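First the structure, in the form of structure tokens, and then the observations on it.
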Amino acid sequence: MRPLAFLKTSKLQEEITHEISKILNDYRDQIYFEKPLSGGKDGRYVFADDEGYHYIVCERGERMVNKLTDDLFDVKFWTIYPIVVSLSFEFASKYNLSAEEDPRVIAFPKQIEYLKEIHPNFAKRGEIEQDEILRNNPIH
């Protein structure tokens, strides 16, 4: 069921900022809370308008990801999950793994830990994402 009104972009930014700050203080270079301009900066864009909540990833001036939802949880997860993935692989890189060892063994549990710090439902959604990844690319 479509909500009667969507949060304004400034309120959406406030909510996402609050969630991310539970695990990371400085993420500002990673997300633009505005509509991307044609040929604008590469990066992740999150904004709201009359259509709903937008999540867009631009690379080399092209939209690589262009998602639209009326679900606040979805847009928050889409925005936060890539940050959590990056943090977890940075964490895993501190271990001296051999070339044969899969860093997901360390990174995946750390992702769930970070997501639980934000909200238990984010952790559940993260587990679903990981199950899909492992189904297609199992750890050997």
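Structure summary
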quantity	calculated
Some residue of segment 83-103 being charged (D, E, K, R), modelled with pLDDT of 95 or more and either under 25 Å from Y45 (Cα atoms) or part of a helix (DSSP H, G or I) (or both)	no
Per-region count, segment 72-83, residues in contact (Cβ under 8 Å) with a residue 40 or more places away in the chain and charged (D, E, K, R)	1
Contacts under 7 angstrom Cβ, first residue in segment 96-114 being more than 18 Å from R135 (Cα to Cα), partner surrounded by 13 or more Cβ atoms within 10 Å (Cβ to Cβ) and β-branched (V, I, T), 6 or more apart	Y114/I23; Y114/V84
Close pairs (9 angstrom Cβ cut-off, 6 or more residues apart or separate chains): touching a residue at least 24 places away in the same chain (Cβ under 8 Å) in segment 50-71, aromatic (F, W, Y) and not in a strand (DSSP E or B) anywhere	D50/F6; G52/F6; Y53/F6; Y53/W78; Y55/W78; D70/F6
Subset of segment 88-125 (residues that are loosely packed, with under 12 Cβ neighbours inside 10 Å and aromatic (F, W, Y))	Y95
Odd one out for V75 among (1) farther than 19 Å from T9 by Cα; (2) of a type in the set (A, V, I, L, M, F, W, C); (3) outside any loop (DSSP other than H, G, I, E, B)	(1)
Conditions (1) within 20 Å of I16 (Cα to Cα); (2) among the hydrophobic types (A, V, I, L, M, F, W, C); (3) touching a helix residue (DSSP H, G or I) at 6+ places or on another chain (Cβ under 6 Å); number of the one not met by V75	(3)
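For (1) exposed (fewer than 13 other Cβ atoms within 10 Å of the Cβ); (2) over 14 Å from the mean Cα position of the chain (by Cα); (3) assigned to a strand (DSSP E or B), each residue gets a yes or a no:
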| residue | (1), (2), (3) |
| --- | --- |
| K35 | no, yes, no |
| S38 | yes, yes, no |
| K41 | yes, yes, no |
| Y45 | no, no, yes |
| A48 | no, yes, yes |
| H54 | no, no, yes |
| C58 | no, yes, yes |
| V65 | no, no, yes |
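The values are calculated or read from the model by the stated rules, or taken from the named source; none is laboratory data. Since the structure is predicted, the reported quantities are computational estimates derived from the model, not experimental observations. Glycine also receives a Cβ, built like all others from the backbone with ideal geometry; neighbour counts cover every protein chain displayed.
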